[in-house]
1. How far is it, in nm, from the label point at residue 147 to the one at residue 169 when both lie 7 Å from their Cα along the line to the Cβ?
2. If each residue of separation counts as 0.36 nm, what is the full-extension length gain between residue 19 and residue 81 once their alpha-carbon separation is subtracted?
3. Given the options 121, 181, 45, which has the most mean-square fluctuation in a GNM of the chain, springs set between C-alpha atoms less than 10 angstrom apart?
4. Just order 132-144, 191-203, 157-169 by mean Cβ neighbour count inside 10 Å, highest at the front, would you?
5. With a cut-off of 19 Å, note down the residues of segment 151-186 whose backbone N falls inside the zone around a label point 7 Å from the Cα of residue 137 toward its beta carbon.
6. For segment 115-168, rounded, prolate or oblate, judged on the Cα gyration tensor with a ≥ b ≥ c (square roots of eigenvalues), a/c < 1.5 rounded, else prolate if a/b > b/c?
7. Over the chain, what is the mean sequence separation of C-alpha contacts under 8 Å (at least six apart), divided by residue count, expressed as relative contact order in percent?
8. Run the quick spin-label model on residue 201 and residue 123: label points 7 Å from Cα toward the beta carbon, then report their separation in nm to one decimal.
Amino acid sequence: MDSTITLPRIASLVSRNLVPVAGVLLLGWSAPDLLVLYYLDTVLGLAVVVLLIARHVTGLGKAGERGRPMSGSLDWVRAAAGALLGAVLIGLPLGVPLFIMLAQFDWPIATAVADRTFATGVAVQAAGSAYGCVQAHRELLARDDDEHVLKHRAAFVVGRWMVVLVAAMTGLAALFGPRFGGALVVLAYAGATVYFELYPERALQWLNPREARTATAQPKQSRGPRRK
């Protein structure tokens with residue numbers, strides 16, 4: 001477990017992630033809508049990771065030249081567009097089991113798109129991802145283990161979603177219907193979030209054991225402030 005996580009932080013983490021489950025079961029929130037928002041959050045999370053890799057690991061300069069740091073708003077816009085496109089391409093196959101389940105739920109996509117609450121949720125997800133990207137960029141500027149951090153962040157985003165897909169593909173969600181079955185998948189997302197937040201190494205160990213062993217074997221680099 002992450003040694004920096006205290007009991008109050010654990011309680012806050014668990015309670016925050018259980019709120020959507022309680023909302024579905026007790027307040028009539030739409031589980032399918034929540035799962036679509038979680039999927040969008042996963043795609044945006046992948047886009048953020050790809051963008052930060054371009055900035056902090058591979059470099060992306062003029063004419064897409066590798067090894068050169070981004071400079072200026074045009075580089076950032078170009079890299080962000082490329083990162084989003086790459087995340088969408090990665091996310092398409094990851095979304096197939098979810099949308100099969102939504103079809104079993106008879107999820108009305110037109111109704112969801114016209115719903116102001118759902119549209120607000122999409123906007124909040126996008127704004128949150130942009131803010132999280134800025135914060136992560138600033139934190140990485142003060143570290144010298146960017147690749148290590150971003151590998152684990154990518155594993156967290158993908159690993160959490162894989163737990164959702166496993167829950168969806170069991171067939172239990174379709175068996176119990178949109179409310180209770182959907183709540184079960186929302187609970188899987190919440191549980192995966194809590195677990196991988198408490199045990200940051202576990203997602204990479206699950207998805208790529210060889211890479212996890214390599215990362216563990218490498219000596220830890222200093223994490224003092226630095227400038228780029």
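1. Placing both labels 7 Å beyond Cα along the Cβ direction yields 3.0 nm.
2. 19.0 nm
3. 121
4. 157-169, 191-203, 132-144
5. 151, 153-154
6. Verdict is oblate for segment 115-168.
7. 30 percent
8. Spacing of the two 7 Å Cα→Cβ label points: 4.4 nm.
Read-outs: derived from the displayed coordinates by stated rules, not from any lab. Since this is a predicted model, take the numbers as computed values, not measurements. Quick reminder, even Gly has a Cβ in these numbers, built from the backbone with ideal geometry, and neighbours come from all protein chains shown.
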